[in-house]
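Have a look at the structure below before the remarks.
Read the figures in this text as sums done on the coordinates, not as results from a lab. Note that the structure is predicted; figures quoted are calculated from it, not measured. Here the Cβ positions follow ideal geometry from the backbone for every residue, glycine too, while neighbour counts run over all protein chains shown.
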Amino acid sequence: MISVKVKGIGLDPSENPLLLLIDQEETIVLPISIGLTEAQAISLRLEGQTFPRPLTYDLILSICENLGGSIEKIVVNDMQEGTYYAQLYLKKEGKEIIIDTRPSDAVALALTSGSPLYITAEVARHSFRLEEVVEENIENVFGRIDNSGNTLLH
């Protein structure tokens, strides 16, 4: 598995949100198309915004913790017919529980809980070498992306 972090949220040429995952060495980038609601949730976490009442991902984390579980990691583990798949690894009473999830929900939950993110070697085959993307002009490859870690969605 390859440890990754969230680089930010970008927009593809059609103005659809893209989740950008990069490896720890910042050599590869994996763009994943996501929904607007999930993009906004991820953006709020990246910007460090907090709210007086729990949002959906806060609620999920609270339920998990109050039932005696903990989120161990998130793994984007597969891509089939253009759709990425992820798994949420929970631990409760020493037992590992694996739950199928969308990558966008998993990443929002990982950012909420501070859990590590990974992609499999198979998924990494769909990534781009960051140096090639920069040379090609990143906007031609993905659309508008903010490389500073700030998001483009407001």
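Checking each residue in the range 21-77 for being closer than 16 Å to residue 116 by Cβ and polar (S, T, N, Q) picks out 24, 70, 77.
Among 118, 89, which is at negative phi, among the hydroxyl-bearing types (Ser, Thr, Tyr) and under 11 Å from the mean Cα position of the chain (by Cα)?
118
Screening the range 30-85 for residues that are among the hydroxyl-bearing types (Ser, Thr, Tyr) and in a strand (DSSP E or B) and picking the one that is surrounded by the most Cβ atoms within 10 Å (Cβ to Cβ) gives 84. Scanning the range 91-112 for residues that are touching a residue at least 12 places away in the same chain (Cβ under 8 Å) and either of a type in the set (Lys, Arg) or surrounded by fewer than 19 Cβ atoms within 10 Å (Cβ to Cβ) (or both) gives 91, 92, 93, 96, 97, 99, 100, 101, 102.
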